[in-house]
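A.B. asks: Would you mind keeping the following structure in view while I ask a few things?
The values are calculated or read from the model by the stated rules, or taken from the named source; none is laboratory data. Computed from a predicted model, the values in this text were never measured in an experiment. Glycine gets a Cβ as well: all are built from the backbone with ideal geometry, and neighbour counts include every protein chain shown. The protein model used for the area step is the full one, side chains on, heavy atoms only, and it has no ligands, DNA or RNA in it. Shrake-Rupley method; radii C 1.70, N 1.55, O 1.52, S 1.80 Å.
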Amino acid sequence: VQLQASGGGLVQAGGSLRLSCAASGRTFSTYAMGWFRQAPGKEREFVAAISRGGGSTGYADSVKGRFTISRDNAKNTVYLQMNSLKPEDTAVYYCAADASSSVITSREHEYDYWGQGTQVTVSS
């Protein structure tokens, strides 16, 4: 499967962005999906995940209550709605697909496919 992330950009602190990740292929609904991010000089970290059917979600503590992950299996797309953005949210955001796990996970090595990343910059 190929993943194409989009929707990044420059926004002021307190603003909002919605990231999208479009997947190729007809098996999107069989993948759990996740969003990760990597800030300059830091390791990539988990942001959010959603189960195959969308009924289960999980978030990093740093984004809980501000970010919402969702998916539209008819459109082969997963979204990350980001509200109340902070300068520390600045990073390259990656979407990823987990083809094998039956539950959502924050573990990077569990994800099988990765998108190319989209830059999010939050100015203070």
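A.B. asks: I'd like the full set of residues that are within 14 Å of the chain's Cα centre (by Cα), surrounded by fewer than 23 Cβ atoms within 10 Å (Cβ to Cβ) and closer than 11 Å to Ser102 by Cα, limited to segment 28-51.
C.D. replies: The answer is Ser51, and nothing else.
A.B. asks: Something else now. What pairs come out if I take residues in segment 45-56 that are in a strand (DSSP E or B) and pair them with residues that are of a type in the set (Gly, Ala, Ser) whose C-beta lies under 6 Å away, six or more apart or interchain?
C.D. replies: Partner pairs satisfying both residue conditions: Phe46/Ala60; Phe46/Ser106; Val47/Ala60; Ala49/Gly34; Ala49/Gly58.
A.B. asks: Take the residues of segment 57-79 that are within 12 Å of the chain's Cα centre (by Cα) and outside any strand (DSSP E or B): which is surrounded by the fewest Cβ atoms within 10 Å (Cβ to Cβ)?
C.D. replies: Selected residue: Ala60.
A.B. asks: Does Ala23 count as crowded, with 20+ Cβ neighbours inside 10 Å and either of a type in the set (Gly, Ala, Ser) or under 18 Å from Ser101 (Cα atoms) (or both)?
C.D. replies: yes
A.B. asks: Follow-up. What are the residues in segment 80-124 that are assigned to a strand (DSSP E or B) and open to solvent by less than 30 Å² (accessible area, probe 1.4 Å), if any?
C.D. replies: Leu80, Met82, Ala91, Tyr93, Cys95, Ala96, Ala97, Asp98, Thr118, Val120, Val122
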